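Data block below; observations after.
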Amino acid sequence: MDPTTIAHPDASAVARLLSSIRTHGINFHTNAPGSREALLESLKSLTSLLETPNESILKYMWIESSHHAVIRTAIEMKLFERMAEDSATTKTDEELAVRCKGNSLLVARILRHLAAMGTVIETSARNYRLNPLSTALTMPNYRDTFTFCFDVIRPGLQVLPTYLKERYYQEGEGFKVFNKAFNYPGSLFAYLVEHPKLMSTFNNYMAGRNQGLVSWMDTGFYPVEEGLAAGFDMRHSPTLLVDVGGGNGHDLEEFREKHPKVQGSLVLQDLPEVINDITALDASIQRMPHDFTTLQPVKGARAYFLHSVLHDWSDEKAREILKNLIPAMVKEYSKILIQEVVIPDKEANAMTTGLDWALSCAVPGRERTELQWRELLELEGLAIVKIWSHPQSIESLIEVELVN
Ligand SMILES: C[S@@+](CC[C@H](N)C(=O)[O-])C[C@H]1O[C@@H](n2cnc3c(N)ncnc32)[C@H](O)[C@@H]1O
């Protein structure tokens, strides 16, 4: 008998998992923090215990890969938007084919796989309606998260094994997977400047990827009052926070909404093309084109904030970005706040290990462990004050100050 086709679940392990699922389920019912996440982890473990190796392989390569391509197709043909029309009533595959101007057999096949994967609801034979996931896919931030990852990261994943083999599995000075996949010599950001539509997609992706997660500016994560607001001193600068490489400004918008009473101005910096592409940003946030490979022009701010910026770059480049901040900082006053994934040495979450590889398909950087962050940041003149984390966030906030 072929061993890959037989499930060999250890019955006592299955029983233990079922019992922990029951416990997490009860906790979930009472809204206990972390119970949803614990339930999901146990369900994932149960699935991998019960699946045969062959089922797992075919799930990855047939079922999930096709699902991704089918969702991408549905986004492009605006299938989810058509499903949302007329108060999101249930619609037949034929009706949706007419609304999308697509072939009815093809649309039926798309809907069938979407329903089989739980992306839409099949209310009865050939009748479909949206669920929370497909509703989210009608919204620009979620839709563009999917689109950007499919269009830019996926081609990189396709060439990744050959790329690594050609480099004898050495990391060198930073990954160039994107360059191989797109046959393009420059960085992702240079490519985005040349492709404005993709740049808007990327900026929506950046704004959308953390929706629903706890953020460092929420209660119970970083002490915004004591750490930032209380010490603010106009004599150094009127600026409280500079968001360096801040994209379309969604983090500063969130800060302004969550901490409306905190004094000091907010400054958003990014490449000129990104700043000029912004369509909606509160007028109180100052927009400033600035290349972070040059010296920081805003002197004496209370904090310089870098969110998912350093992970885009090799250690050498990341150090250059940090060194450009140091001359602008006031000792014992200014700080650098870095919002990034900190991968633990043990039991790393798949969301972060997956992101690590996805990231390397688009930029030369990678996600870093705590030790790697310490090695990077403890340059001459900088020191980590504390790494702030929260169980409901995959990112931490690394607080850094000037020393000497
Ligand atoms: C991964 S995105 C993060 C955006 C934002 N901080 C966030 O977390 O949503 C990196 C940002 O760095 C910006 N960037 C890339 N090269 C830059 C440069 N030389 N100077 C300033 N910003 C740059 C990009 O345009 C992009 O907005």
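Among the listed pairs Lys299/Lys386; Lys176/Lys386; Lys258/Lys317; Lys323/Lys386; Lys258/Lys346, which have their C-alpha atoms separated by more than 27 angstrom in this model? As for pairs spanning more than 27 Å Cα to Cα, those are Lys176/Lys386; Lys258/Lys317; Lys258/Lys346. Among residues other than Thr147 whose Cβ falls under 10 Å from its Cβ, what is the net charge (Lys/Arg +1, Asp/Glu -1)? Charge balance in the 10 Å sphere: -1.
Among residues other than Gly231 with Cβ under 15 Å from its Cβ, the summed charge is -2 (Lys and Arg +1, Asp and Glu -1). On C-alpha positions alone, give me the angle between the axis of helix 35-50 and the longest principal axis of the chain, in degrees, nearest 10. That works out to roughly 50 degrees. Against the chain, whose longest principal axis comes from its Cα atoms, helix 65-76 is set at around 70 degrees. Note that the stretch 160-310 shows a convex hull volume over its alpha carbon atoms of 151 Å³ per residue. The mean of 1/r over all pairs of different alpha-carbon atoms in the stretch 280-339, once inverted, gives a Kirkwood hydrodynamic radius of 12.6 Å. Would you mind classifying the stretch 113-165 by shape? Square roots of the alpha carbon gyration tensor eigenvalues, ordered a ≥ b ≥ c; an a/c under 1.5 is rounded, otherwise it is prolate if a/b is larger than b/c and oblate if not. Oblate is the answer for the stretch 113-165, as a/c is 1.5 or above yet b/c matches or exceeds a/b. Ligands, DNA and RNA left out, the 1.4 Å accessible surface of the stretch 22-126 is 59% carbon and sulfur atoms. Note: the stretch 189-259, Cα convex hull, 110 Å³ per residue. Size of the stretch 174-213 from its Cα atoms: along the principal axes, largest to smallest, the extents are 35, 23, 13 Å. By the compact-protein rule of thumb, 2.2 N^0.38 Å, the alpha-carbon radius of gyration of the stretch 139-404 corresponds to a ratio of 0.98. Going 7 Å from the Cα of Asp151 in the Cα-to-Cβ direction, what parts of the stretch 60-101 have a backbone nitrogen less than 16 Å from that spot? From the stretch 60-101, the list is 69-79.
Can you tell which of Ser12, Ser20, Ser393 shows the greatest fluctuation in a Gaussian network model of the chain with Cα springs below 10 Å? Among Ser12, Ser20, Ser393, the largest mean-square fluctuation in the Gaussian network model of the chain belongs to Ser12. Find the accessible area per residue for the stretch 3-136; the probe is 1.4 Å, ligands and nucleic acids are left out, and the unit is Å². Spelled out: the 1.4 Å probe surface of the stretch 3-136, per residue, equals 60 Å². If you look at the Cα atoms of the stretch 277-404, you get an Rg and a Dmax of 15.3, 44 Å. GNM remark for the chain: springs join alpha carbons under 10 Å apart, and the peak mean-square fluctuation among Asn210, Asn131, Asn27 falls on Asn27. Sorted from greatest to least, the principal axis extents spanned by the alpha carbons of the stretch 241-302 come out as 32, 29, 14 Å.
Looking at the stretch 352-390, none of the trypsin sites (Lys or Arg not before Pro) sits in a DSSP loop with at most 13 other Cβ atoms within 10 Å of its own Cβ.
Local charge for Pro289 was computed over the other residues whose Cβ lies under 12 Å away, with Lys and Arg +1 and Asp and Glu -1, and equals -3. Backbone phi angles across the stretch 205-215, fed through the Karplus curve with coefficients 6.51, -1.76 and 1.60 (θ = phi - 60°), yield HN-Hα couplings of 4, 4, 6, x, 5, 9, 4, x, 9, 6, 10 Hz in residue order; Gly and Pro are listed as x. Just checking the listed ones, Ile57, Ile71, Ile285: in the Gaussian network model of the chain with Cα springs under 10 Å, the one fluctuating most is Ile57. For Ser396, Ser104, the ranking by accessible surface with the largest value first comes to Ser104, Ser396, using a 1.4 Å probe. Rounded to the nearest 10 degrees, the angle from helix 350-360 to the longest Cα principal axis of the chain is 70 degrees. Largest to smallest in accessible area, the residues Met351, Met139, Met117 fall in the order Met351, Met139, Met117 (1.4 Å probe, all protein chains included). Coordinate range of the alpha-carbon atoms in the stretch 245-350 per principal axis, descending: 43, 32, 32 Å. For the stretch 332-404, with equal point scatterers placed on the C-alpha atoms only and solvent neglected, what are the log10 I(q)/I(0) values from the Debye formula at q = 0.14, 0.17, 0.22, 0.25 1/Å, to two decimals? Log10 I(q)/I(0), no solvent term: -0.48, -0.68, -1.01, -1.18. Taken over the stretch 3-136, the alpha-carbon convex hull comes to 139 cubic angstrom per residue. For the stretch 266-312, the solvent-accessible area with a 1.4 angstrom probe is 39 square angstrom per residue.
The values are calculated or read from the model by the stated rules, or taken from the named source; none is laboratory data. Predicted model, so just to flag it, every value in this text is computed and none were measured. Here Cβ is always computed from backbone atoms with ideal geometry, including for glycine, and neighbour counts include all displayed protein chains. Note: areas computed on protein heavy atoms with side chains; ligands, DNA, RNA excluded. Shrake-Rupley method; radii C 1.70, N 1.55, O 1.52, S 1.80 Å.
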